[in-house]
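Novice: The structure's right below; bear with me while I get my questions together.
The values are calculated or read from the model by the stated rules, or taken from the named source; none is laboratory data. These figures come from a predicted structure and were not determined experimentally. Here the Cβ is made from the backbone with ideal geometry for all residues, glycine too, and neighbour counts use every protein chain on show.
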Amino acid sequence: MKRAHRWLQALLFSLLVVLAGSLLPGTYYVTLLNLIGIHIIIVLGLNLLMGYAGQISLGHAAFFGLGAYASGILTATYKVEPVLALAAGLLLSAGVAILVGIPALKLKGYYLAMATLGFGIIVAIALQQLDWLTGGPSGFMGIPPFSLFGWQFQSPTAGFFLVWAMVGFLLFLSLNIVDSRLGRALRAIHDSETAALAMGVDAQRLKLLIFVVSALYASLAGSLLAHTTNFIAPSSFGFMFSIKLVTMVVVGGMASIWGSFLGAAVLTVLPELLAVFHDLEVVIFGLILMVVMIFLPRGLVRGLLDLWEYRQRKKQGR
Amino acid sequence: MEKLAEFLQYIFSGLTNGAIYGLIGLGFSIIFHATAIINFAQGEFVMLGALVVIGFYAWGLSLPVALGLAVILVTVLGLVFERLAIRPARDATPISLIIITVGGGVLLKGLAMVFWGKDAYTLPPFSGQAPFVVAGATILPQSLWIMGLTLLLVVGLEGFLRGTILGKALRAASYNPVAARLVGIRVSQMVQFSFGLSAAFGAAAGALIAPITMGVYDMGTMLGLKGFCAAVIGGLGSSSGVVLGGVLLGIAEALASGLISSGYRDAVAFLILLLVLFFRPQGLIGRGPERTS
Amino acid sequence: MALLSLQAVGISFGGLQAVKQVSFQIQPNQIKALIGPNGAGKTTLFNLITGMLTPDHGVITFLDQPIQGLQPFQIAARGISRTFQIVQLFGHMTVLENVMVGRHLRSRAGLVAAALRLPWTRREEADIRSRSLEWLQFVGLADRAAEYAANLPLGHQRLLEIARALATEPKLLLLDEPAAGLDIAETEGLKDFIFAIRERGITVLLVEHDMSLTMEVAEEIVVLDHGELLAEGTPRDIQRHPDVIAAYLGRDWEK
């Protein structure tokens, strides 16, 4: 029964994607949806790290940037095949993740957050400073579209299908991981690392593994960004974006795969909606961040449900 | 002799910036010590201190009065911030609190941009422009103000924390909130007070550095993060440690910037942060509250 | 050949000698108890055996291999499992999932295999699930398999912890004050469990304050006081041992 259920969900998802891709009017919406999809990919990975394994990363934009620049630079400047460039980005991000992760994941709570924060900023500065390679603060342009076996994903719609196919694939992987021996071990570490260790779980190795996995997700998303927007700048990969990513995870609901979709969508669309307020956009964004975190700390869905339950109980005079 | 002059120059520049980082770091430390919260809006208190004092001075108030009023205003803002943003989220997870304070910082920065625009504003130095010359290196009078006032503030803080009833109550509330409540200390008030005190220190730092770096709506972000690095490097639990961390940071920055490359200047703070976290997380001096959430 | 052997094991914390020159052995299939007043070093000894602490000196041998200094998860892999004095369940997971974590050591699905959901991992999952249910049935919690572990009453939580530890298929099971907080009926049930565990070929070492349970279940008792081994012997010997009576048992046993 469960298998049929899964196949149905997969079919529905694919159908929605195909419909959206074919019917949406104009490139603006397609571009927006591409961005949402790219953010979903990062958030899926980050959720595995934060929601399931219970670790904090305030520097994940760095991996996003590493993937983007690896793909961008290798394909534009050195004419490397996009797939190879993507793989190079993955390798780079994995390497950096291992280097930083081994010492950092020995830290707990705030100290881990601080270490990832520091690391993230260092990468952002490096991307800015290595201007002979990255184009510096003004960005890097002329990135060719993604191509596979000669077929180029040139139009926004082609990019759309590429991005959302990846979303589907990574969703499949993530759901499987969560439901597996590893997923249980991660959740165990989150609830009681001591007991998990006593039951034979190599917590340090697993934490590092999932940190690397989440870095790979972000790197892949970065490569997709480079090929679909053809232009990248260091400012997109800094501290504020790392915070935005973390907020997407929390707003969507930690340890909720579908929550990743919600959180990414909401926080990607929000700045677009707020753009009408011009100068006040930043003010309102900050205000919304604060208000949502104060009153709906368990995420939008659970938060609203909690609020609704609370109201019901008050009405019944309890 | 030239080498000595050059070296001294770095030291002076490092001490100046380091004092500022130390002051900002103290702000982080005060709040973290009392509440185990990292206040990512701290940098914006610095920025507001700078811009508000510039504003008051531009209205015609004398410098000392403008300074005093600016610090008071930002302190009140810190108290209000705690009351509206932190207290309702008292029991939130660390990650939620991080996002709340970052949101608060973004909000303040946005308001500053709306109110003051993106221009940079100047503030005259407290006692004149002419730099002193010491062994071939120059040092601005403002730098002396910065170092002197920082020392005064740090000594004052220690004296306050150890010598006065209020200071002891603040420390008691941070070591053991339950016991503190039992002896009649209003812990929630202490938490609010720590935010106010932090804001005051931040504002002072902003006002002190404004004559040198000018006041801009986005000056707070990097300053805040570097002050935070100073606090962790020195050790979040110890005032002298934080200031020492700041000074170390300032000097390291100046040396790296002058001798290696100025572009990576900002990265120095975070590199040292990582080194400290990996090899000595309690900080160079800190006995640090053992908060591992 | 002893299953577990401690030789002159000692550890101190900042000047305080928590465990001093402790030596004893546990034979296979034994039920041995570790008793002593509060602060005697019993839990510290458990933590030393399971790798949460490394002794300053001495040797801990399990199945003829030295294990002091190994990491807890390595020691678990060698066949020592434990429960905790303060229950450490995975609160956000279901009762069944808690026990399934116990099967972690005896399964192998890695990241790639799990992510791709290869057919053999599905078979392994089904196996993990059925074996975990068996252990739940053994402790009588099978009907609560789908509930969240945090929602169970304390007595059931302790049983769940035992089921989880058993799922690792240990050769030696360490029980840290399993009867704490249990009522008389539950303690009686616990006694039967300990015997049933031994029936399955698992050696048991327990720390307990409940003297009636200890005396009835243990074949041999080790008495600790202030970190030192005070006495070792059968329950009868211990009851009569003047030092033990003086240090600890006294009025409590005469009840």
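Novice: Among the helices (runs of 4 or more DSSP H) confined wholly to the stretch A:200-308, which include 3 or more residues that are away from chain B (no Cβ under 13 Å) and over 22 Å from A:A62 (Cβ atoms)? Please lay out each step first, then the result.
Specialist: Details: elements: A:203-229, A:239-252, A:257-274, A:280-295.
Of the helices (runs of 4 or more DSSP H) lying wholly inside the stretch A:200-308, those with at least 3 residues that are away from chain B (no Cβ under 13 Å) and over 22 Å from A:A62 (Cβ atoms) span A:257-274.
Novice: Out of B:S188, B:S261, B:S257, I need the residue that is over 13 Å from the mean Cα position of the chain (by Cα), more than 30 Å from B:A112 (Cβ to Cβ) and polar (S, T, N, Q). Which one? Working first, answer last.
Specialist: On the way: B:S188 fails: more than 30 Å from B:A112 (Cβ to Cβ); B:S257 fails: more than 30 Å from B:A112 (Cβ to Cβ).
Every option except B:S261 fails the conditions.
Novice: Read through the list (1) among the aliphatic types (A, V, I, L, M); (2) without any contact (Cβ under 8 Å) to a residue 60 or more places away in the chain; (3) surrounded by 14 or more Cβ atoms within 10 Å (Cβ to Cβ), then give the number of the only condition that B:V154 fails.
Specialist: (2)
Novice: Follow-up. Taking the criterion of being in contact with a helix residue (DSSP H, G or I) (Cβ under 8 Å, 6 or more places away or on another chain), within 30 Å of A:L130 (Cβ to Cβ) and surrounded by fewer than 24 Cβ atoms within 10 Å (Cβ to Cβ), would at least one residue in the stretch A:25-32 satisfy it? Steps first, please.
Specialist: The first filter runs over the stretch A:25-32 and keeps only residues in contact with a helix residue (DSSP H, G or I) (Cβ under 8 Å, 6 or more places away or on another chain), leaving A:27, A:30-32.
When the remaining residues are screened for being within 30 Å of A:L130 (Cβ to Cβ), the result is A:31.
Then drop every residue that is not surrounded by fewer than 24 Cβ atoms within 10 Å (Cβ to Cβ), which leaves A:31.
Scanning the stretch A:25-32 turns up at least one residue that is in contact with a helix residue (DSSP H, G or I) (Cβ under 8 Å, 6 or more places away or on another chain), within 30 Å of A:L130 (Cβ to Cβ) and surrounded by fewer than 24 Cβ atoms within 10 Å (Cβ to Cβ).
Novice: Let me ask something additional. Quick one: C:G91 ticks every box in (1) at pLDDT 90 or above; (2) in a helix (DSSP H, G or I) except a single one, so which number is it?
Specialist: (2)
Novice: Can you pull out the residues in the stretch A:168-195 that are more than 7 Å from every other protein chain (Cβ to nearest Cβ) and not aromatic (F, W, Y)? Break it down stepwise before answering.
Specialist: Step one: filter the stretch A:168-195 for residues more than 7 Å from every other protein chain (Cβ to nearest Cβ), giving A:168-172, A:174-175, A:178-179, A:183, A:186, A:189-190, A:193.
The answer is A:G168, A:L170, A:L171, A:S174, A:L175, A:V178, A:D179, A:G183, A:L186, A:I189, A:H190, A:E193.
Novice: Report the residue count in the stretch A:118-158 for those that are surrounded by 24 or more Cβ atoms within 10 Å (Cβ to Cβ) and either more than 9 Å from chain B (Cβ to nearest Cβ) or of a type in the set (A, V, I, L, M) (or both).
Specialist: So the first thing to find is which residues in the stretch A:118-158 are surrounded by 24 or more Cβ atoms within 10 Å (Cβ to Cβ), and the list is A:118-121, A:123-124, A:127, A:143, A:146.
When the remaining residues are screened for being either more than 9 Å from chain B (Cβ to nearest Cβ) or of a type in the set (A, V, I, L, M) (or both), the result is A:121, A:123-124, A:127, A:143, A:146.
Residues meeting the conditions: 6.
Novice: Please verify whether C:A76 is crowded, with 18+ Cβ neighbours inside 10 Å, within 7 Å of chain A (Cβ to nearest Cβ), within 16 Å of the chain's Cα centre (by Cα) and not in a loop (DSSP other than H, G, I, E, B), treating the condition exactly as stated. Can you show your working first?
Specialist: Details: crowded, with 18+ Cβ neighbours inside 10 Å: yes; within 7 Å of chain A (Cβ to nearest Cβ): yes; within 16 Å of the chain's Cα centre (by Cα): yes; not in a loop (DSSP other than H, G, I, E, B): yes.
Yes, satisfied.
Novice: Moving on. Filter the stretch B:18-48 for residues that are over 11 Å from the mean Cα position of the chain (by Cα) and assigned to a helix (DSSP H, G or I) and give the result.
Specialist: B:I31, B:F32, B:H33, B:A34, B:T35, B:L48
Novice: Go through (1) within 14 Å of another protein chain (Cβ to nearest Cβ); (2) free of Cβ contacts under 8 Å to residues at least 24 places away in the same chain; (3) surrounded by fewer than 18 Cβ atoms within 10 Å (Cβ to Cβ) one by one and return the number of the condition B:P131 breaks.
Specialist: For B:P131, the failing item is (1).
Novice: Moving on to the next point. Can you name the condition, by its number, that A:G89 falls short on among (1) within 14 Å of chain B (Cβ to nearest Cβ); (2) crowded, with 24+ Cβ neighbours inside 10 Å?
Specialist: (1)
Novice: Given the structure, is C:D210 closer than 20 Å to C:G36 by Cβ and acidic (D, E)?
Specialist: Working: closer than 20 Å to C:G36 by Cβ: yes; acidic (D, E): yes.
Against the criterion (closer than 20 Å to C:G36 by Cβ and acidic (D, E)), C:D210 qualifies.
Novice: State all residues of the stretch B:236-250 that are of a type in the set (G, A, S) and closer than 17 Å to B:V155 by Cα; if no residue qualifies, say none. Even if it seems obvious, please write down each step before you answer.
Specialist: Residues of the stretch B:236-250 that are of a type in the set (G, A, S), as a first pass: B:237-241, B:245-246, B:250.
Scanning the stretch B:236-250 gives B:G237, B:S238, B:S239, B:S240, B:G241, B:G245, B:G246.
Novice: Could I ask something else about it? Which of the residues spanning the stretch C:127-146 are within 12 Å of chain A (Cβ to nearest Cβ) and over 18 Å from C:F193 (Cα atoms)?
Specialist: Just the residues of the stretch C:127-146 that are within 12 Å of chain A (Cβ to nearest Cβ), to begin with: C:127-129, C:132.
If the condition is that a residue be within 12 Å of chain A (Cβ to nearest Cβ) and over 18 Å from C:F193 (Cα atoms), then C:D127, C:I128, C:R129 are the ones that fit.
Novice: Okay, next question. Could you list, in sequence order, all residues of the stretch B:89-116 that are modelled with pLDDT of 90 or more and surrounded by fewer than 22 Cβ atoms within 10 Å (Cβ to Cβ)?
Specialist: Scanning the stretch B:89-116 gives B:G110, B:L111, B:M113, B:V114, B:F115, B:W116.
Novice: If I ask for residues that are at negative phi and not in a helix (DSSP H, G or I), which ones from the stretch C:113-131 would you list?
Specialist: Filtering the stretch C:113-131 for residues at negative phi gives C:113-116, C:118-131.
Residue satisfying the conditions is C:L118 alone.
Novice: Would you say C:R117 is closer than 21 Å to C:R200 by Cα, of a type outside the set (F, W, Y) and within 9 Å of chain A (Cβ to nearest Cβ)? Can you show your working first?
Specialist: Details: closer than 21 Å to C:R200 by Cα: no; of a type outside the set (F, W, Y): yes; within 9 Å of chain A (Cβ to nearest Cβ): yes.
Spelling it out, it is not the case that C:R117 is closer than 21 Å to C:R200 by Cα, of a type outside the set (F, W, Y) and within 9 Å of chain A (Cβ to nearest Cβ).
Novice: Still on this structure: For the stretch C:94-111, name all the residues that are within 7 Å of chain A (Cβ to nearest Cβ), surrounded by fewer than 20 Cβ atoms within 10 Å (Cβ to Cβ) and not in a helix (DSSP H, G or I).
Specialist: C:S107
Novice: Now for a separate question. Test each condition in (1) part of a helix (DSSP H, G or I); (2) within 14 Å of chain B (Cβ to nearest Cβ); (3) surrounded by fewer than 22 Cβ atoms within 10 Å (Cβ to Cβ) for A:A115 and report the one that comes out false.
Specialist: (3)
Novice: On to the next question. Could you give me the residue pairs with C-beta distances under 6 Å whose first residue belongs to the stretch B:242-266 and is of a type in the set (F, W, Y), whose second residue is in a helix (DSSP H, G or I) and buried (at least 19 other Cβ atoms within 10 Å of the Cβ) wherever it lies, and which are 6+ apart or on separate chains?
Specialist: Filtered contacts from the stretch B:242-266: B:Y264/A:Q129.
Novice: Does A:V80 meet the test of being assigned to a helix (DSSP H, G or I) and modelled with pLDDT under 95? Give the derivation first.
Specialist: On the way: assigned to a helix (DSSP H, G or I): no; modelled with pLDDT under 95: yes.
No: the conditions fail for A:V80.
Novice: If a residue has to be of a type in the set (A, V, I, L, M, F, W, C) and farther than 17 Å from A:L127 by Cα to count, how many in the stretch A:44-84 make the cut? Even if it seems obvious, please write down each step before you answer.
Specialist: Going residue by residue through the stretch A:44-84, those that are of a type in the set (A, V, I, L, M, F, W, C) are A:44, A:46, A:48-50, A:53, A:56, A:58, A:61-64, A:66, A:68, A:70, A:73-74, A:76, A:80, A:83-84.
Checking which are farther than 17 Å from A:L127 by Cα leaves us with A:44, A:46, A:48-50, A:53, A:56, A:58, A:80, A:83-84.
Count: 11.
Novice: Is there any pair with a first residue in the stretch C:17-41 that is farther than 16 Å from C:L63 by Cα and a second that is at pLDDT below 90 and aromatic (F, W, Y) whose Cβ atoms are under 6 Å apart and which are 6 or more apart or on different chains, and what are they?
Specialist: C:P37/C:Y248
To keep it simple, each residue is scored yes or no on (1) surrounded by 21 or more Cβ atoms within 10 Å (Cβ to Cβ); (2) assigned to a helix (DSSP H, G or I); (3) in contact (Cβ under 8 Å) with a residue 60 or more places away in the chain; (4) under 19 Å from the mean Cα position of the chain (by Cα).
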| residue | (1), (2), (3), (4) |
| --- | --- |
| C:L133 | no, yes, no, no |
| C:Q137 | no, yes, no, no |
| C:R158 | yes, yes, yes, yes |
| C:E161 | yes, yes, yes, yes |
| C:P170 | yes, no, yes, yes |
| C:A180 | no, no, yes, yes |
| C:T187 | no, yes, no, yes |
| C:A196 | no, yes, no, yes |
| C:L224 | yes, no, yes, yes |
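Novice: Let me ask another. Taking helices (runs of 4 or more DSSP H) that fall entirely within the stretch B:216-282, which contain at least 1 residues that are buried (at least 24 other Cβ atoms within 10 Å of the Cβ) and more than 13 Å from chain A (Cβ to nearest Cβ)? Steps first, please.
Specialist: Numbers: elements: B:220-234, B:239-259, B:265-279.
Because the criterion is at least 1 residues that are buried (at least 24 other Cβ atoms within 10 Å of the Cβ) and more than 13 Å from chain A (Cβ to nearest Cβ), the helices (runs of 4 or more DSSP H) in the stretch B:216-282 that meet it are B:220-234, B:239-259.
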